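For reference, the structure is listed below as structure tokens.
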Amino acid sequence: MPAPAVPTAPDRGNSPQAGGKLPATLLMAGSCLPVLGAVLIAPVLPRMQDHFAGVAGAEALVPLVLTVPALSLALLAPFAGVVVDRVGRKRLLVAATILYALFGTVPLWTDSLYGILASRVLVGVAEAAIMTACTTLIGDYYTGRVRDRYLALQTMCASASATVFFALGGALGAAGWRAPFALYAVGLLLAPVMARALPAPRPAAADGQDRAGTGPRPFPVRRMTGVCLLTVFGAVVFYTVPVEMSYLLDDLGTDAPGAIGAVTAVASAATVVGSVVFTRLTDRPRRRLPLVLALSGAGFLLMGLADGLPLLIAGAVVNCVATGLLLPSLLTLAMSRLDFADRGRGTGLWTSAFFLGEFACPLVLLGGKGALGGLAPAVGLLGLTTLLLAAALVPLTRRTGAALPHAAPERP
């Protein structure tokens, strides 16, 4: 007879595990740490290049200081997911946050470019654990619409923090190329608060009932494969505007840094708007995906056809509103298919898929540019591909949840 009460609590999302706003705030802050690593030192790369000019291969090695953590994160996130499920989410998060601070501040006291590169690889290892553990804990603490909102907020915080960290890195860089690395020490402030304030997660009642009824079962590889493949493509869509906008503007004769910065800021704001809109929607993420992808594709087509700045900006805004919806939709869809015992591994796979898509994005556009003779046609082709994928997904999204055995229910 208690069965009718089970859906209502998850729909409210007021999990007793969460214990107020502080755990959510800490998880949002932790989710921003990998973003800090990705953009903080970008403004000081030229100064690093000058400092290490006498090191053999510095022209190639210095840019790797910025990109190696993301590649490391993409490759190691699945292993971090395995550790999350075996060692525990909270324990791994606290340890990884401390290591993040220790590895991240290595450039403050070493003058070896190879030592700095090695530390950046280790920063990526810590980031993989942090991102996987934070997302897994959001899935553990919250359910239903509240979980969806927090996952969207995670995306929104990461997008907004990128702009803040970029500006902060530039300001600190005035004091020298090493100065921005001092911000990695924030991990030493966060870790003890996480250890004290984050409650130990427990399986939800529905997860316990599933395991009691079916016994031990293997990881749901088949159900996660489709979501992860879609996420790789979604990440290419998500990063196309941030990565390629300056080149598209340059092709139209706009190369002033101020103008490029203003247009990029407008596009970033549109992504945040999309994330905010996601928190207000009540339909199921799976049913929403074709429309979101279609909107993204339409934005790309406008950008590909643009012969002036207004149409290019309009296309970018349409696309970025859609990508602000796309990322949390993919993440909540993945979460809806994972029980407590699988959530760490599933989140690790999803995180890996997303960062692999980020890594592949410029390569995909470069290949399209070479084949079609220009970047704008390549963006237009990506838009057409996105529209075709949206159309192909429509029949799949009309299926009922019965087609997804053992998946956590998608609640309105």
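Counting only Cα atoms, the size of region 220-399 along its three principal axes is 53, 35, 29 Å, in decreasing order. At a Förster radius of 51 Å, what calculated FRET efficiency corresponds to the Cβ-Cβ distance of Val82 and Val164, to the nearest 0.05? Result of the calculation: an efficiency of 0.95. Under the combined filter of DSSP loop state and at most 14 neighbouring Cβ atoms within 10 Å, region 103-147 retains none of its trypsin sites (Lys or Arg not before Pro).
A simple spin-label model places the labels of Ala53 and Ala182 2.6 nm from each other, with each point 7 Å out along Cα-to-Cβ.
Sum up the charges of everything whose Cβ sits under 15 Å from the Cβ of Leu381, counting Lys and Arg as +1 and Asp and Glu as -1, but leave Leu381 out. Around Leu381, the surrounding residues sum to 0. Stretching the chain fully between Leu75 and Thr254 yields a gain of 60.8 nm (0.36 nm per residue, less the alpha carbon separation). Each of Val123, Val35, Val277 was scored by other Cβ atoms within 10 Å of its Cβ. Listed from fewest to most, they are Val277, Val35, Val123. Full extension of the chain segment joining Thr225 with Thr397 gains 60.3 nm, where the gain is 0.36 nm per residue of separation less the Cα-Cα distance.
Since every read-out is calculated from the coordinates, none of them should be taken as a lab result. Computed from a predicted structure; not experimentally measured. All Cβ positions, glycine included, derive from the backbone under ideal geometry; neighbour counts span all protein chains shown.
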